[in-house]
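Written out below as structure tokens is the structure these notes cover.
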Amino acid sequence: MKHSQNTLSKALSATLLSIGLVVAPYSLAQEGQGLPAEVFQVKPTRLNHVITTVGTLRANEALVLRPEISGRVSEILFREGEMIEKDQPLIQLDSTSFEAELAQAQAQANLSRIEYQRAADLLERRVGSQTDRDTRLAQLRANEAQVQMAQAQLAKTTLKAPFSGQVGLRYVSPGDFVSTGQDLVEIVDTHEMKLDFTLPERNLSQIKVGQMIEISVDALEGRTFQGEIYAISPSSRSGSHNLSLRARIPNEDGALRPGLFARITIITGQDTQALMVPEAAIIPQNNEFYIMRLDDENKAGLVQVTLGDRRVGVVQVLSGLDEDDIIVTAGHIKLHPGMPVTPLFPENDTEGSDA
């Protein structure tokens, strides 16, 4: 085992020497002089395991208001860009003809009601027929239905907000004649945003409804927003083998807008005892990774490590190191295994590893 370690150390030293990194002669170690080197003491920290992806923001509700009937616009009852409440009248169409139709239907219904009551009274005094009474009743019901139809048509002349939100820019003016289905104005509800995104189906076991996410958008640099997944598509896309997901993002201040591109971070788990070390400490060698560690006598030695998740400037070590180990982060290019080291402890912070 000792022979193998010596062979490995010599091989690594030869590699470092071949690329011009080893500049200190080994005689320094023989003389007992410790070379100064920046070191880092390994401590467990919190690490969130995450999935990153991108998505597109959508309004909680959005539609373009369109009339169900044709008519002339008689009044605009809103200001462009203002906040509106549910059932608030927005556009009034000319209702003159519909009011006349309603009055006619009501008059006919009133007459039918009188005729029915007269037929019912005659039948009760046994001087009328049941057939005549039933005929009058049927006519009354038909005329009442005509009243309801006229009322419904009249109601369609007033276009109301289907939900609370904000109106956009209107496409018509007072006096315009509009046709059935013509675009009048857009209405959006952005107090809460929907976020659509996809993930590979291999991530299915890591995702669930109610899972928290964090997003950022390029248009609002420096800000992050939290939300949660509330719907997962029951089937995977056959072509891409991706899952479609949707999340809710609170937007009380209205900063987020529909259509914005969002960068998404999903926390899938947490390790409270993760060993995170600076990336500068990692020495790659033949598809393997090593770290220079100091022993109790502050002598350098190489240990092979297995790496895990990476974050900005730091990397997780899964095996090869223990808590409180002292590792070299700067100056190891001048060191040989077995050389004494004068450790320098600069300030180190790996709290960012849970991002």
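Taking amide hydrogens as placed 1.01 Å from N in the peptide plane, the amide H of residue 213 sits under 5 Å from those of 227, 228, 229, each at least 5 positions away in sequence or on another chain. Between the helical axis of 96-124 and the longest alpha-carbon principal axis of the chain there is an angle of about 60 degrees. Between the beta carbons of residue 100 and residue 171, assuming R0 = 41 Å, the FRET efficiency works out to 0.90 to the nearest 0.05. Could you point to the label whose value was computed as Cα extents along the principal axes in Å for the structure here, given [x] 134, 46, 35; [y] 66, 45, 31; [z] 49, 45, 45? Label [x] holds the value from this structure. Both radii were evaluated on the Cα set of the range 198-355; the Rg over Rh quotient, with Rh as the Kirkwood radius, amounts to 1.12.
Calculated mean residue ellipticity, 222 nm, the chain: -7500 deg cm²/dmol, from DSSP H runs (n ≥ 4) at -39500 (n - 2.57) each, averaged per residue and rounded to 500. The ellipsoid equivalent to the alpha-carbon distribution of the range 98-143 has semi-axes of 26, 9, 4 angstrom, derived from the gyration tensor eigenvalues as √(5λ) and listed largest first. Placing pseudo-labels 7 Å out from each Cα toward the beta carbon at residue 46 and residue 61 gives an inter-label distance of 3.8 nm.
Tally Lys/Arg at +1 and Asp/Glu at -1 over every other residue whose Cβ is under 13 Å from the Cβ of residue 252; what's the total? Local charge sum for residue 252: -2. Across the chain, how many lysine pairs separated by 8 or more positions, or lying on different chains, have Cα atoms within less than 29 Å? The result is 14.
Computed from Cα positions, the angle between helix 130-155 and the longest principal axis of the chain comes to roughly 50 degrees. Here the range 121-267 is treated as a sphere whose radius is the Kirkwood value from Cα pairs; by Stokes-Einstein at 4 °C and 1.567 mPa s it diffuses with a coefficient of 61 µm²/s.
Return a whole-number percent for the relative contact order of the chain, with Cα pairs under 8 Å and 6 or more residues apart as the contact set. After rounding, I find 29 percent. State the answer as a single residue: which of 105, 272, 65 lies farthest towards the positive end of the charge dipole of the chain, with beta carbon charges of +1 for Lys and Arg and -1 for Asp and Glu, about the Cα centre. Checking the options against the dipole of the chain, the answer is 105.
Summarising the amide proton neighbourhood of residue 308: residues at separation of 5 or more, or on other chains, whose placed amide H is nearer than 5 Å comprise 316, 317, 318. Here's how it looks for residue 329: its modeled amide H is under 5 Å from those of 38, 39, 40, which are all 5 or more places away or on a different chain. Spin-label model, residue 228 to residue 183: label points 7 Å out along the Cα-to-beta-carbon direction sit 3.7 nm apart. Per-peptide packing, taken as the mean over residues of other Cβ atoms within 10 Å, places 263-271, 220-228 in the sequence 263-271, 220-228 from highest down. Computed 3J(HN,Hα) for the range 212-222, one whole-Hz value per residue from the Karplus formula 6.51 cos²θ - 1.76 cosθ + 1.60 where θ = phi - 60°, is 7, 9, 10, 10, 9, 10, 4, 6, 10, 4, x, glycine and proline marked x. Relative to the current alpha-carbon distance between residue 319 and residue 160, full extension at 0.36 nm per residue lengthens the span by 50.7 nm. Taking packing as the residue-averaged number of other Cβ atoms within 10 angstrom, the listed peptides 141-150, 331-340, 118-127 run from highest to lowest as 331-340, 141-150, 118-127. To test your reading of the geometry: what angle, between 0 and 90 degrees and rounded to tens, separates the Cα axis of helix 2-18 from the longest principal axis of the chain? Roughly 80 degrees, rounded to the nearest 10. In loop segments of the range 246-332 as defined by DSSP, the GluC sites (Glu not before Pro) with at most 10 further C-beta atoms inside 10 Å of their C-beta are 252, 297, 323.
Peptides 191-198, 61-68 ranked from most to least packed by the mean count of surrounding Cβ atoms within 10 Å: 191-198, 61-68.
Throughout, read-outs are computed from the coordinates displayed, never taken from laboratory work. Just so it is clear, the structure is predicted and the values come from calculations on it, not from any experiment. Backbone-built Cβ (ideal geometry, glycine too); neighbour counts: all protein chains shown.
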